[in-house]
1. Residue by residue through segment 154-176, note down the ones that are under 18 Å from residue 136 (Cβ atoms) and charged (D, E, K, R).
2. Against the definition (under 20 Å from residue 24 (Cα atoms), touching a strand residue (DSSP E or B) at 6+ places or on another chain (Cβ under 8 Å) and surrounded by 17 or more Cβ atoms within 10 Å (Cβ to Cβ)), how does residue 292 come out, yes or no?
3. Among residues belonging to segment 315-374 that are in a loop (DSSP other than H, G, I, E, B) and acidic (Asp, Glu), point out the one that is farthest from residue 281 (Cα to Cα).
4. Look through 398, 377 and report the one residue that is part of a strand (DSSP E or B) and more than 19 Å from the chain's Cα centre (by Cα).
5. Output the residues belonging to segment 265-299 that are part of a helix (DSSP H, G or I) and of a type in the set (Phe, Trp, Tyr).
6. Any idea which of (1) free of Cβ contacts under 8 Å to residues at least 40 places away in the same chain; (2) touching a strand residue (DSSP E or B) at 6+ places or on another chain (Cβ under 9 Å) is the one residue 300 doesn't satisfy?
7. Examine segment 188-196 for a residue that is closer than 24 Å to residue 336 by Cβ, part of a helix (DSSP H, G or I) and of a type in the set (A, V, I, L, M), and state whether such a residue exists.
8. Checking the condition touching a Phe, Trp or Tyr at 6+ places or on another chain (Cβ under 8 Å), at pLDDT 95 or above and within 24 Å of residue 99 (Cβ to Cβ), which residue from 20, 16, 31 passes?
Amino acid sequence: MEDVVSIVPGKVKGKASIPASKSLCHRAILAAALAKGKSTIQHVSLSEDIEATLGVAACLGAHIERRGESICIEGIDRALLNKTVIEHVDCHESGSTLRFVVPILAALGVPAHYIGHGKLGQRPMQVYYDLFDQQKLPYKTEENGMLPLTVTGKLQAGRFCIDGGISSQFVTGLLMALPLLEGDSELCIEGQLESRPYVDLTLHILKQFGIEIQENPNQCFQIKGGQQYQATDYEIEADASQAAFFICAAAIAAEPEGLLIENLRADTVQGDLAFLEALQAIGGEYRWEKEGLRVYPAKLKGDLCFNVSQCPDIVPILAVLGSYAEGTMHIVGAARLRIKESDRLAAITRELNRLGACVKEEEEGLWIQGRQLQGGQVESWNDHRIAMSAAIAALGCQAAVQIHGADSVRKSWPTFWKDLETIR
């Protein structure tokens with residue numbers, strides 16, 4: 001039976017709970033797995049992507065114990081791991097898991113065979129293949145670089161130069177891997193480093209787990225080899241990219257007292273909080289409180305050009321916000337959204353227009369003219385962010401919205417439909 005959810009238009013109120021940061025969870029789990037000793041990661045939200053990373057950590061030999069929202073991780077014994085061949089590293093549909101663990105295992109000299117599901121096998125990996133070719137490191141892929149991928153060689157210390165405009169996940173993978181090598185390395189970023197806040201999250205986690213990395217002004221990272229991850233206890237903060245969905249919900253459909261989004265931090269280094277900049281620019285109202293962020297309903301109005309090169313994950317819900325604002329919103333710098341779980345520029349354009357919006361797709365962005373949305377039926381494109389964006393758009397429609405493929409939210413926010421109901 002097809003998974004379909006129907007959302008009836010209406011107000012939101014009260015307190016909203018959002019998951020822990022998926023980006024921080026990925027990084028903290030892998031850092032704990034590489035550390036000597038036991039670490040406790042608190043406030044972990046167990047989405048399908050995080051389960052993928054936990055599965056990989058266990059595959060490496062880390063001992064994992066679940067205690068409610070806390071995960072206790074006993075780090076791997078690298079001496080034993082170096083004598084291992086891992087036949088199946090299943091990354092499911094998680095791009096972060098795949099791109100983080102490939103260089104880590106290559107740095108440890110552990111031969112491994114990587115598999116994935118959905119569209120993961122089609123997502124670019126050429127950055128790593130080019131580095132492997134330069135070092136004559138043996139690897140094998142399917143045609144056109146698709147998964148499965150087998151890497152049998154050991155990464156060597158040295159100077160690494162990569163394009164910063166493809167994905168910051170490659171930068172993160174190398175930043176996590178290169179300290180494990182015997183010699184010192186330098187990682188240089190060529191061109192503009194997009195999604196820079198995600199690299200900042202990586203540097204933050206590495207520092208928490210005892211890894212030291214120096215950054216030069218010219219986008220080069222100096223990385224000493226022979227470092228050892230140190231076990232530590234770490235609490236994951238709320239996810240800013242997921243918060244954007246309920247921020248938008250409040251702006252277009254909250255009761256006058258607003259909606260409180262709990263545990264979101266004003267001082268977060270998560271770049272997706274840039275959603276608030278867009279909201280404020282078109283007349284949105286919010287206030288930071290002790291418990292989190294309170295967002296009020298507002299008359300959204302004004303023309304806005306917003307560059308999302310540093311925060312691409314918020315584009316689908318930003319398009320919803322623009323659809324409810326009087327004026328024109330132009331989203332630019334979004335080319336990388338075509339290689340996510342779906343072609344998100346095409347997906348959000350089609351589905352919002354099916355609800356009566358006026359969205360025009362461009363090569364690297366969207367052009368949106370605000371208007372009243374009507375309602376109807378939409379598809380999720382098996383993409384969690386498209387499904388959740390459609391749900392929020394439904395709140396202000398004239399009629400109900402049926403969302404086909406609603407189970408796709410399990411990838412990042414399994415309790416989304418339940419959490420949405422708690423604020424209705």
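1. 154, 159
2. yes
3. Per the criteria, the residue is 341.
4. Checking each option against the conditions leaves just 377.
5. Across segment 265-299, the qualifying residue is only 275.
6. With respect to (1) free of Cβ contacts under 8 Å to residues at least 40 places away in the same chain; (2) touching a strand residue (DSSP E or B) at 6+ places or on another chain (Cβ under 9 Å), residue 300 is out only on (1).
7. no
8. When all the criteria are applied, what remains is 31.
The values are calculated or read from the model by the stated rules, or taken from the named source; none is laboratory data. All values reported here derive from a predicted model rather than from experimental measurement. Using ideal geometry, Cβ is built from the backbone for each residue, glycine included, and neighbour counts are taken over all protein chains shown.
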